[in-house]
Amino acid sequence: QIKLDNKLKNKQYKQKSAAKKYRKEQKKLREAVRDAISRKPFPLEECKKKQVAKKWEEKEEEDALPLDMMDEDDLKLMEDLAQKASFLTRDLSSNEPVHVKKRKHESVIEKYEKVPRRLQTEPEKELIHLLPIKDKSGIIPQAVEKPVLNVAHDEEEDTEDMEEAVEFNEEPLPVLTPEEMAAQRRQKLQERKMHIAALASAILSEPDSNIKKLKELRAMLMEQDPNVAVIVRKLVMVSLMEIFKDIAPSYKIRPLTEAEKATKVKKETQKLREFEEGLVSQYKFYLENLEQTIKDWKQRKLKKSNVISLKAYKGLAEVAVKCLCELLVVLPHFNFHNNIIVLIVPLMNDPSKMISELCVEALKKLFKQDKLGYASLGVVKVISGLVRGRNYDVRPEVLKVFLHLRIKEVELQKDSEDIAPKKKFMTYKEKRKNLSRMQRKWKKAEEKLERELLEAEASESKEKKLKLHTETLNIVFVTYFRILKKAQKSPLLPAVLEGLAKFAHLINVEFFDDLLIVLHSLIASGDLSYRESLHCILSAFHILSGQGDVLNIDPMKFYTHLYKTLFSLHAGGTNEDIGIVLQCLDVMFAKRRKQVSQQRALAFLKRLTILALHVLPNSSVGILATNRVFMQTFPRMDLLLDNESQGSGIYLPELDEPEHCNAQNTALWELHLLQRHYHPTVQKFASHLIAGAPTEGSGALPLDLSQRSATELFETYCMKGMTFNPPVASVASRKKDTFLQRDSFVDEELNKQLQQHISETVAHKPLDFAKHLKESSLT
């Protein structure tokens, strides 16, 4: 019942409140209408009507009846007036509120005159309200006037201060001589060096407790003193690089999960976690600083402070690239390694030769030391994306990096029978059936030990390594094939052909036919240089010497092209191409001896011997070493050491077909000329070949020459450094040898004369011999 009563009361109260609110709104509306009408100008003849209306309004206001109690005529009049009312008709210059009651016979001018005038002679005083005081009478508010400052006085004081400052600045600063400035700079630099050394030694001595000092050292990368800024930043970059190389663990640090963070751990574990977290954080910031330095230099963008010039930014960028390259090679297992790869790979295509070479060398080192293949796979992916993204407009050095990949074998498609079963541990039933109790015990201990060893070594399986190498090589071949298909006239083609020549034996058999057709079409087009055509030939024979043995393909076109172009080589610029020719000859003849005819081998042997007369000594040695292999590999090569012709026809040296040039009817007369060559090694090889290339006996070669391949001999006797191998004796030493020989000859003659004279003297006059010795100077 109480609840119902309360509900009823609340309902009645809400109704009363709503009615009261409605009446207030209507009252405001009437006042607004009245105010608008009062401000509207009326003609003079309607002044009486206006006074009557005012009286009626005042009377109505006194009654203050609600609208619902008014007559219909009155209500209609009010609505008409309300439509004429507008906020814009209100006099905004007046401070009088809208609902002010209008007094009788009060004009606008009189109201304006009654408004008090205020002069802004004194500033209005602000009050600061304080805490009130409670008294018997009640709460007494407290306030204090805010002191107003004298603006004019302050301006005078400011001008006086400025004048004093100007007078103070007018004092001349001490002018330093260049020697004093250099000494001051050396002192600052020494202080910075000592500070860097102190921080670095503290971090290296106790990395766990001093990891926060890395932040302090990294802050010195923002050195602002223009005199030492460049050197200090370089020193800090290199110091941080060495610190990270020393304190970085041999594993990758992963971020902790929420569950691991919430778990309580030992103090040592917590300390290790904090160290790892701080190390990764500072390492990340350090790499970002290096990246920003390189970006600023690339964009030729100066900082606002202008502490370092654009010219100095290049030196900073070079040091930053060196640091990144060093971290790329030394910390391939640590965090952010892929980020470093993404930074370094595009810099291989940089216009700056120094930066490009730094990046190329770093990636070569990374490939050589990467035994498993994770880092190599990451680099190859980025390079492939770069080449494709730049539309094959990159430097050839970018693709030549692929030649340093350590990939010797890949996963080939095998039958299910060829796949060897994996080693499995014996099950409990097998042990129970085949082993005794003691044997089971020993077997269990042995298996446990094997599992522990595998976990401790954490060595990756061979299958995983092969899988990574296969994926890497697939990306390399995709890049090569895209260039062969879409950019055959690109400067990247030599690098592609060189790469195909190296990895051709790892290509899938399905691509062999198409690839050989493309290589032959490139050679036949005539657009390739001589070196590029040699790479095509080398690639084709690498393909055929590997899995291509099972294919029935005759590469006679490639033999003919090489035979035809051998005389393009000489002692000038093409001398370096002889190294590739020697590799081609090795693959074409030594590794395919069963598929090569005798006529072809004789023709190549004769033409190579002629070529040995026209090239540098190292090339002659390599060619004669190849001829030695020919004579030892193929039968009846000694036909060319005999003057008598074999069969019909004469030798046609100008014919480009090795099978039909009648090489069996000629002789290797060039070897007699090569016996008189100025290089001693060429002489030895020529004499060895004239003797029939024996493996033992007086005509055999020394071991240091016979055990080396033709390519190795070509590199050993190379004259790039303008040095002669074996070294030539100097003029002074030759003169000395001549004098020694002459002196030894004179001494021998004198000894003979002396012995003859002594023998005669002793025989005929023995007593005069002692006297003769004293007088003689022959002693």
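Does the range 655-664 contain at least one residue that is in a helix (DSSP H, G or I), under 25 Å from THR565 (Cβ atoms) and either in contact with a His (Cβ under 8 Å, 6 or more places away or on another chain) or at pLDDT 85 or above (or both)?
Among the residues of the range 655-664, at least one is in a helix (DSSP H, G or I), under 25 Å from THR565 (Cβ atoms) and either in contact with a His (Cβ under 8 Å, 6 or more places away or on another chain) or at pLDDT 85 or above (or both), which makes the answer yes.
Write out, first by first residue and then by second, each pair whose Cβ atoms fall under 8 Å of each other, whose residues are 6+ apart or on separate chains, and whose first residue, in the range 591-619, is under 17 Å from GLU576 (Cβ atoms) while the second is open to solvent by less than 20 Å² (accessible area, probe 1.4 Å) and of a type in the set (Phe, Trp, Tyr).
Between residues of the range 591-619 that are under 17 Å from GLU576 (Cβ atoms) and residues that are open to solvent by less than 20 Å² (accessible area, probe 1.4 Å) and of a type in the set (Phe, Trp, Tyr), the close pairs are ASN618/PHE714; SER619/PHE714.
Output yes when any residue across the range 698-715 is within 30 Å of PHE558 (Cβ to Cβ), of a type in the set (Phe, Trp, Tyr) and open to solvent by 30 Å² or more (accessible area, probe 1.4 Å), and no when none is.
no
Would the range 595-603 turn up any residue that is assigned to a helix (DSSP H, G or I) and closer than 27 Å to MET722 by Cα?
No: zero hits.
Between LEU366, LEU399, LEU372, LEU377, which is free of Cβ contacts under 8 Å to residues at least 60 places away in the same chain and either of a type outside the set (Asp, Glu) or surrounded by fewer than 18 Cβ atoms within 10 Å (Cβ to Cβ) (or both)?
LEU366
Inside the range 195-278, counting only helices (runs of 4 or more DSSP H) that do not spill past its ends, which hold 2 or more residues that are open to solvent by less than 80 Å² (accessible area, probe 1.4 Å) and touching a residue at least 12 places away in the same chain (Cβ under 8 Å)?
Qualifying helices (runs of 4 or more DSSP H): 213-219, 229-247.
Got a number for residues in the range 636-674 being of a type in the set (A, V, I, L, M), out of contact with any Cys (no Cβ under 7 Å at 6 or more places or on another chain) and without any contact (Cβ under 8 Å) to a residue 40 or more places away in the chain?
Of the residues in that region, 5 qualify.
Can you pull out the residues in the range 491-513 that are open to solvent by less than 50 Å² (accessible area, probe 1.4 Å) and closer than 17 Å to VAL401 by Cα?
Once the filter is applied, which keeps residues that are open to solvent by less than 50 Å² (accessible area, probe 1.4 Å) and closer than 17 Å to VAL401 by Cα, the range 491-513 yields LEU492, LEU493, PRO494, ALA495, VAL496, LEU497, GLY499, LEU500, ALA501, PHE503, ALA504.
Does LEU624 qualify as being over 27 Å from HIS688 (Cα atoms) and crowded, with 23+ Cβ neighbours inside 10 Å?
no
Would you be able to say whether some residue in the range 710-723 is at pLDDT below 80, of a type in the set (Val, Ile, Thr) and either more than 56 Å from the chain's Cα centre (by Cα) or over 22 Å from ALA612 (Cα atoms) (or both)?
Taking every residue of the range 710-723 in turn, none turns out to be at pLDDT below 80, of a type in the set (Val, Ile, Thr) and either more than 56 Å from the chain's Cα centre (by Cα) or over 22 Å from ALA612 (Cα atoms) (or both).
Look at PHE285 and say whether it is touching a residue at least 60 places away in the same chain (Cβ under 8 Å), under 26 Å from GLU326 (Cβ atoms), open to solvent by less than 60 Å² (accessible area, probe 1.4 Å) and of a type in the set (Phe, Trp, Tyr).
no
Being under 22 Å from LEU290 (Cβ atoms), modelled with pLDDT of 90 or more and not in a loop (DSSP other than H, G, I, E, B): is that true of LYS364 here?
Yes: the conditions hold for LYS364.
So that you can scan it fast, the table gives a plain yes or no per residue for (1) touching a helix residue (DSSP H, G or I) at 6+ places or on another chain (Cβ under 8 Å); (2) farther than 30 Å from TYR374 by Cβ; (3) of a type outside the set (Gly, Ala, Ser):
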{"residue": "ILE196", "(1), (2), (3)": "yes, yes, yes"}
{"residue": "ILE231", "(1), (2), (3)": "yes, yes, yes"}
{"residue": "PHE275", "(1), (2), (3)": "no, no, yes"}
{"residue": "PHE285", "(1), (2), (3)": "yes, no, yes"}
{"residue": "LYS298", "(1), (2), (3)": "yes, no, yes"}
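Here are some conditions: (1) assigned to a helix (DSSP H, G or I); (2) more than 55 Å from the chain's Cα centre (by Cα). THR626 meets all but one. Which one does it not meet?
(2)
With the checklist (1) without any contact (Cβ under 8 Å) to a residue 24 or more places away in the chain; (2) part of a loop (DSSP other than H, G, I, E, B) in hand, flag the one item ASP296 doesn't pass.
Single failed check for ASP296: (2).
Specify the residue that is modelled with the highest pLDDT; the eligible residues are those in the range 530-564 that are among the acidic types (Asp, Glu) and open to solvent by 40 Å² or more (accessible area, probe 1.4 Å).
For the range 530-564, the residue satisfying everything is ASP554.
Within the group ARG388, ARG406, which residue is at pLDDT 90 or above, on the phi < 0 side of the Ramachandran plot and not hydroxyl-bearing (Ser, Thr, Tyr)?
The conditions single out ARG388.
Does the range 565-576 include one or more residues that are touching a helix residue (DSSP H, G or I) at 6+ places or on another chain (Cβ under 8 Å), open to solvent by 10 Å² or more (accessible area, probe 1.4 Å), of a type in the set (Asp, Glu) and assigned to a helix (DSSP H, G or I)?
Taking every residue of the range 565-576 in turn, none turns out to be touching a helix residue (DSSP H, G or I) at 6+ places or on another chain (Cβ under 8 Å), open to solvent by 10 Å² or more (accessible area, probe 1.4 Å), of a type in the set (Asp, Glu) and assigned to a helix (DSSP H, G or I).
Here's a check for you: in the range 660-670, which residue that is out of contact with any Ser or Thr (no Cβ under 7 Å at 6 or more places or on another chain) and buried (at least 18 other Cβ atoms within 10 Å of the Cβ) is farthest from MET556 (Cα to Cα)?
Among them, the one singled out is THR666.
Open to solvent by 60 Å² or more (accessible area, probe 1.4 Å), closer than 22 Å to VAL230 by Cα and not hydroxyl-bearing (Ser, Thr, Tyr): does that describe GLN299?
Taking the combined requirement at face value, the residue satisfies it.
Would you confirm, using the coordinates I've provided, whether THR633 is touching a residue at least 60 places away in the same chain (Cβ under 8 Å) and open to solvent by less than 50 Å² (accessible area, probe 1.4 Å)?
Considered against the rule, which asks whether it is touching a residue at least 60 places away in the same chain (Cβ under 8 Å) and open to solvent by less than 50 Å² (accessible area, probe 1.4 Å), THR633 comes out as no.
The values are calculated or read from the model by the stated rules, or taken from the named source; none is laboratory data. Given the structure is predicted, the values throughout are model-derived calculations rather than measurements. Here the Cβ is made from the backbone with ideal geometry for all residues, glycine too, and neighbour counts use every protein chain on show. We work out accessible area using only protein heavy atoms, side chains counted, and drop any ligands, DNA or RNA first. Shrake-Rupley method; radii C 1.70, N 1.55, O 1.52, S 1.80 Å.
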